[in-house]
Amino acid sequence: MKTVADRVALVTGASRGIGPFIAKTLAAQGCTVVGVARNREGLDETVGEITQAGGKAFAVQGDLADLANLPAVLEAVESAAGSPIDFLINNAGVEFYRRYTDYTAQELASVLTLNLHVPLELTRLLLPKLLARGRGHIVSVASLAGKKGVLYNGPYSASKAGVLLWTDALRQEVAGTGVGVSVVVPGYIRDAGMFHGDDVSPPKFLGTSSPQDVADAVVQAIKHDRQEIIVNPGPMRPMLALGQLSPALANRLVDWMGVNRTNAARRRDPK
Ligand SMILES: NC(=O)c1ccc[n+]([C@@H]2O[C@H](COP(=O)([O-])OP(=O)(O)OC[C@H]3O[C@@H](n4cnc5c(N)ncnc54)[C@H](OP(=O)(O)O)[C@@H]3O)[C@@H](O)[C@H]2O)c1
């Protein structure tokens, strides 16, 4: 089992939603956490809660979508923590619900950049150092929407499917090096985060999980070097397997469960 205590974790998107839960859970295990996001107040709140609970945390404010700035972000994180990064948690993400023809070029770019290119680029920059030290872990937060394309959210599904397959490939590449690569795959998350913020009921039968469930999955992925953890109360793996056997049946099932209705309620049309 890998140790989490006395390690340094960079958590992207630690200013709101699920990120603060991941940051607090890693810190409670003795990890020094550095949160990165654009909103200073949100980051400071996360850091304050961790510090008050006796943990160690720092904030680095930055726009991750500015890919050219990522080397400087990593430097700032290591300088704040006072030691090299051991764990990279790719959590920051964005989504839009639109008819595909209503997406702007900028929205497409922001989804693909933040959700896919940023994790890949941060890892490209960090991985040589992890490999040289023979330890470390990269955990990315994908989504069930990356396992099955869902209505009005195609670019997000594409970005998360990319994260899933990239993790799959990279994990095989670094096997035996001491560096782990994992992906956590949440379904609908209640109480905090992008779904909670939309104030829409989840589809029947799918159920919801808590942001703490996602944070616990991140820690489990590191400790037990798990390739992929699905965070959802339903029988997801058999349903996904069925979808592989018959995509048409999966479409009918998803519609019957009410995913399309939920996504239609989340759709925002251009003004
Ligand atoms: N909530 C769910 O139901 C759900 C389900 C499946 C998967 N997920 C995944 O879980 C992860 C966390 O989602 P969430 O629900 O917590 O979302 P959220 O509440 O919208 O939070 C998104 C986080 O990403 C940060 N972020 C956005 N744009 C950024 C940028 N350009 N640079 C730096 N940080 C940026 C935000 O901080 P700033 O705005 O301060 O920059 C915020 O901390 C995402 O990858 C999401 O796709 C969520």
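What the table below lists for this structure:
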quantity: The stretch 8-266: relative contact order as a whole-number percent, Cα under 8 Å and 6+ apart; calculated: 17 percent
quantity: Inter-label distance for A109 and D63, nm, one decimal - labels placed 7 Å from Cα along Cα-to-Cβ; calculated: 1.1 nm
quantity: With Cα atoms, 0 to 90° folded angle of helix 70-81 axis to the chain main axis; calculated: 50 degrees
quantity: Nearest-0.05 FRET efficiency for A132 and S83, computed from C-beta distance (R0 22 Å); calculated: 0.90
quantity: Partner aspartates and glutamates for K2 [C-alpha distance under 13 Å; skip if fewer than 8 residues away on the same chain]; calculated: D86, D225
quantity: Kirkwood Rh, Cα atoms: Rg over Rh of the stretch 157-271; calculated: 1.01
quantity: With every protein chain in place, the chain: carbon and sulfur % of accessible area (1.4 Å); calculated: 53 percent
quantity: Modelled label reach - A265, point 7 Å along Cα→Cβ, the stretch 174-191 residues with backbone N closer than 16 Å; calculated: 188-191
quantity: Most fluctuating residue given options L242, L64, L144, as computed from a GNM of the chain linking Cα atoms under 10 Å; calculated: L242
quantity: Most mobile of Y100, Y188, Y156 in a GNM of the chain (Cα contacts under 10 Å); calculated: Y100
quantity: Accessible area of the stretch 8-266 divided out per residue, in Å², using a probe of 1.4 angstrom; calculated: 44 Å²
quantity: Choice from I229, I22, I85 showing the highest fluctuation, given a GNM over the chain with Cα pairs closer than 10 Å; calculated: I229
quantity: Prolate/oblate/rounded label for the chain (Cα gyration tensor, a/c 1.5); calculated: prolate
quantity: Modelled label reach - N39, point 7 Å along Cα→Cβ, the stretch 175-216 residues with backbone N closer than 17 Å; calculated: 190-199, 211
quantity: Those trypsin sites (Lys or Arg not before Pro) in the stretch 22-95 that DSSP places in a loop and that have at most 15 other beta carbons within 10 Å; calculated: R38
quantity: 222 nm mean residue ellipticity, helices alone, for the chain (DSSP H n ≥ 4; -39,500 (n - 2.57); rounded to 500); calculated: -14000 deg cm²/dmol
quantity: Two-site label geometry, D102 and A241: point separation in nm, points 7 Å out along Cα→Cβ; calculated: 3.8 nm
quantity: Cα-Cα P(r), the stretch 1-93, percent of pairs per 5 Å interval; calculated: 3, 17, 29, 28, 17, 6, 2, 0
quantity: Pair A53, K2: separation of 7 Å Cα→Cβ label points (nm); calculated: 2.1 nm
quantity: Lys/Arg +1, Asp/Glu -1 at C-beta; the stretch 197-261 dipole; positive extreme among S210, V200, A241; calculated: A241
quantity: Pairwise centroid distance, computed over Cα atoms, of the stretch 108-128 with the stretch 213-232, Å; calculated: 20 Å
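The values are calculated or read from the model by the stated rules, or taken from the named source; none is laboratory data. For clarity, every value in this text was computed on a predicted model and none was experimentally measured. Neighbour counts are summed over all protein chains in view; Cβ atoms, including those assigned to glycine, are modelled from backbone coordinates with ideal geometry. Heads up: the accessible areas ignore ligands, DNA and RNA and are worked out on the full protein's heavy atoms, side chains in. Shrake-Rupley method; radii C 1.70, N 1.55, O 1.52, S 1.80 Å.
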